[in-house]
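Encoded as structure tokens, the structure appears first; notes follow it.
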Amino acid sequence: MRTLGTAAVLSALLGLSACGSQTGSSAPDECAGQGTVVAKADLDGKGQPSTVRLAGSGAGACSDRLLADGGVLADVGGLDLVPEQGTVVHLQGAGAPELVLLSAKPHPRGGWQPHLFGSGGETGLTEVTSEGRPVVPFVATDGGAPPMTATCTPDGGITLVTAVAHEPPGVVLAWDVTETTYTVKDGRAETTGSKLVEEAAADPLLRKERPELFDGTLFANCD
């Protein structure tokens with residue numbers, strides 16, 4: 001009886017170990033082909049596109065996962081991602097990897113939170129963050145948000161363009177515009193520089209000269 005009991009315990013432990021490995025460094029075999037295709041991206045920059053799928057809640061062991069070829073995955077639980085707006089961000093430069101841009105569900109008051117994903121992290125696929133936060137801020141579409149956009153740099157990085165209202169306020173709304181550059185490495189966006197590029201730019205003129213700061217356009221120069 002003791003021998004049978006020991007065997008049963010060992011069998012249970014092995015079963016738990018196998019379950020743990022499924023949610024650890026790679027996706028379980030049953031996740032192959034699961035979810036909705038959101039992009040085909042060269043995640044490691046080696047010239048071989050990978051099919052990226054989003055598996056929502058209710059997909060069993062694959063629930064709330066972003067899955068790519070080779071068994072790599074990212075846990076996206078709580079991000080409320082929608083598959084319909086997935087796009088590829090082609091970072092510039094020889095050997096630069098590609099990123100996948102996904103949107104969270106639209107906010108009831110208007111707007112959405114962008115999320116970038118790329119190669120890196122313990123599970124091989126991860127959200128690209130800066131100091132633990134999404135690189136690109138919330139995109140408001142209710143007309144009340146400060147100007148903002150994101151572009152690609154020639155050397156494989158990202159530029160985030162943001163603006164704050166100029167102080168002291170004048171008769172016409174004016175903006176101070178800043179460009180912050182990042183390098184992307186192993187799923188992290190590390191700041192490489194920041195500079196003021198427009199000071200006290202009148203709102204009507206800025207809207208005319210740089211409409212991408214107001215219409216929600218992201219990574220337009222990354223094709």
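Read the figures in this text as sums done on the coordinates, not as results from a lab. Everything quoted here is computed from the prediction, not taken from an experiment. Note: ideal-geometry Cβ built from the backbone for every residue, glycine included; neighbour counts use all protein chains shown.
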Once both axes come from the Cα atoms, what is the angle between helix 2-22 and the longest principal axis of the chain, in degrees from 0 to 90, rounded to 10? 20 degrees
Among beta bridges that DSSP assigns inside the stretch 25-213, antiparallel share in %, nearest 5: 95 percent
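Which FRET efficiency value, to the nearest 0.05, do you get for residue 164 and residue 75 by plugging their Cβ-Cβ distance into 1/(1 + (r/R0)^6) with R0 = 45 Å? Please list the in-between numbers first.
On the way: r = 34 Å, r/R0 = 0.75.
Using R0 = 45 Å, I get an efficiency of 0.85.
Would you kindly state how much longer the chain becomes between residue 212 and residue 51 on full extension, computed as 0.36 nm times their sequence separation minus their alpha carbon distance, in nm to one decimal? Intermediate values should be presented prior to the final figure.
On the way: separation 161, 0.36 × 161 = 57.96 nm, distance 2.94 nm.
Roughly 55.0 nm would be gained on extension.
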Mind checking the stretch 99-180 for GluC sites (Glu not before Pro) that DSSP puts in a loop (not H, G, I, E or B) and that have at most 15 other Cβ atoms within 10 Å? 122, 131
Which value in nm describes the separation of the simple spin-label points at residue 107 and residue 131, placed 7 Å from the Cα toward the beta carbon? 1.9 nm
Relative contact order for the chain: what percent, with Cα pairs under 8 Å and sequence separation of 6 or more? 14 percent
The stretch 25-213: Rg/Rh from Cα coordinates, Kirkwood Rh? 1.03
